[in-house]
Amino acid sequence: MSVGQTIKHKTQAFKGRVTERIGRTTRNRRLQREGRNDQISGNLKQSGDKAKDAFRR
């Protein structure tokens with residue numbers, strides 16, 4: 001995949017970690033859930049990109 005997509009997906013996973021941490025600190029379950037969802041989504045997208053790159057070679 002392109003470098004831009006890779007950066008975008010890593011940023012989404014990082015944003016999820018930060019959001020989850022803020023939710024934990026403030027005891028806000030909604031923020032914790034959103035953070036986990038962003039984190040999982042970003043990681044899955046990264047895995048998909050890696051699989052695509054592996055099949056291209």
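The values are calculated or read from the model by the stated rules, or taken from the named source; none is laboratory data. Being a predicted model, the structure only gives us computed values, none of them experimental. Counting neighbours? That spans all protein chains shown, and the Cβs are built from the backbone with ideal geometry, glycine included. Side chains included, ligands, DNA and RNA excluded: accessible areas come from the protein's heavy atoms. Shrake-Rupley method; radii C 1.70, N 1.55, O 1.52, S 1.80 Å.
Consider only pairs whose beta carbons are under 8 Å apart and that are at least six residues apart or on different chains; among these, list those whose first residue lies in segment 11-24 and is farther than 14 Å from residue 44 by Cα and whose second residue is open to solvent by less than 60 Å² (accessible area, probe 1.4 Å) and among the hydrophobic types (A, V, I, L, M, F, W, C).
19/31; 20/31; 22/31; 23/31
Within segment 23-36, which residues are touching an Asp or Glu at 6+ places or on another chain (Cβ under 9 Å) and exposed (fewer than 15 other Cβ atoms within 10 Å of the Cβ)?
33
Is it true that some residue in segment 30-45 is not in a helix (DSSP H, G or I) and not hydrophobic (A, V, I, L, M, F, W, C)?
no
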